[in-house]
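FYI, it's all coordinate maths here, none of it is from the lab. Note that the structure is predicted; figures quoted are calculated from it, not measured. Glycine gets a Cβ as well: all are built from the backbone with ideal geometry, and neighbour counts include every protein chain shown.
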Amino acid sequence: MKKKLILIVEDDFLIAKSARYILEEEGYDVIVNVDNYLKAIEIIQNKKPDLILVDISIKGDQDGIELGKYLLNSDDIPYIYISSHTDKITLERVKDTRPYGFIVKPFKEMDLVTTVSLVLNNYSFRDLDPKRNNKHELDSIDEVPFRIRGVVEYINEHINEKIDINTLAQLTNWKAHHFIRMFSNLIGVTPYQYILKKKIENIKVKLEETDQPIMDIAYATGFQSYSNFSIAFKKIAGVSPEVYRIKSRIHHHLHKAYDNSFFIEK
């Protein structure tokens, strides 16, 4: 599965480099060395990032809030401000651009990781929440997000079980092939891909935070074969579950000892 691409618009190279390191360790692709409005627009148009982190104070006549206005008008990429400026005048300007998040510098590693993860997740489901799109009355087309949202909720609640596509289709009262097409159009991946991604996300947490044997984790998450699980995990995570667990432990210890208090609060 293709990695999410994050663009960091930041004129402080040390901060950009640290944020890139943190996010790459979380499995994202990251673009840095972008420190002004015009360069950011060029990258946005050519690379089509999935998320943009914007410092308010960037080089040039147009600051990060001007970039936020551009992104608000295009309304096809979520963006988060990263800034040490929290005065009322700045915040009022920020509100007008309706960002998806705001991280205050100096920031904690977990603040960055959590905010990025939540924003990407919420943005991927924006069409499932008509309230966010100012929809108050349903017609036959508007019923689609509600039917798919029910499916997503069912998947999340039964993620450790074997989930049958026909069961999901029955929740929508659609034929299976129509359900798969509607789900894919709205969510951006097939139901199978979504289920697999959610299972692997849950397994990653268990690999990071527990000493439970990997085989036990695989079977407890609904995989019938360890070899199939290992192949699926590597396809999504890029490494085997064994290597992922080792790397996550090393990453944890490195960051525990990593003293960079100049720009990241510990």
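Given their separation in residues at 0.36 nm each and the Cα-Cα distance between them, residue 197 and residue 47 gain 51.6 nm when the chain is fully extended. Return 153, 109, 26 ranked ascending by Cβ neighbour count within 10 Å, so the fewest neighbours appear first. Fewest-to-most ranking of 153, 109, 26: 153, 26, 109. The list (1) 33, 21, 16; (2) 34, 27, 14; (3) 37, 21, 16 gives values of semi-axes √(5λ) of the Cα gyration tensor in Å, and only one came from this structure; which label was calculated from it? Read-out from the structure maps to (2). I want to make sure I understand the PRE zone here: with the label point 7 angstrom from the Cα of residue 251 toward its beta carbon, which residues in region 204-219 have backbone N atoms less than 16 Å away? What the label zone holds, given the 16 Å backbone N cut-off, is 204-210. Estimated from helices alone, the mean residue ellipticity of the chain at 222 nm is -18000 deg cm²/dmol (sum of -39500 (n - 2.57) over DSSP H runs with n ≥ 4, per residue).
Region 220-251 and region 12-34 have Cα centres lying 24 Å from one another.
The label-point distance for residue 123 and residue 87, in a model that sets each label 7 Å from Cα toward Cβ, rounds to 2.9 nm. Per-residue Cβ neighbour counts within 10 Å put 20, 149, 181 in the sequence 181, 149, 20, beginning with the fewest. Over all other residues within a Cβ to Cβ distance under 13 Å of residue 172, the charged ones net out to +2, with Lys and Arg as +1 and Asp and Glu as -1. Measuring against 25 Å, Cα to Cα, the residue pairs 4/39; 95/204; 175/235; 48/197 contain 95/204; 175/235 as the ones spanning a longer distance. Panel order for 110, 182, 215, by other beta carbons found within 10 Å of each beta carbon, from fewest to most: 110, 215, 182. Fully extending the segment from residue 173 to residue 234, taken as 0.36 nm per residue of separation minus the present Cα-Cα distance, adds 18.5 nm. The distance between label points at residue 73 and residue 21 comes to 3.8 nm (points 7 Å beyond Cα on the Cα→Cβ vector).
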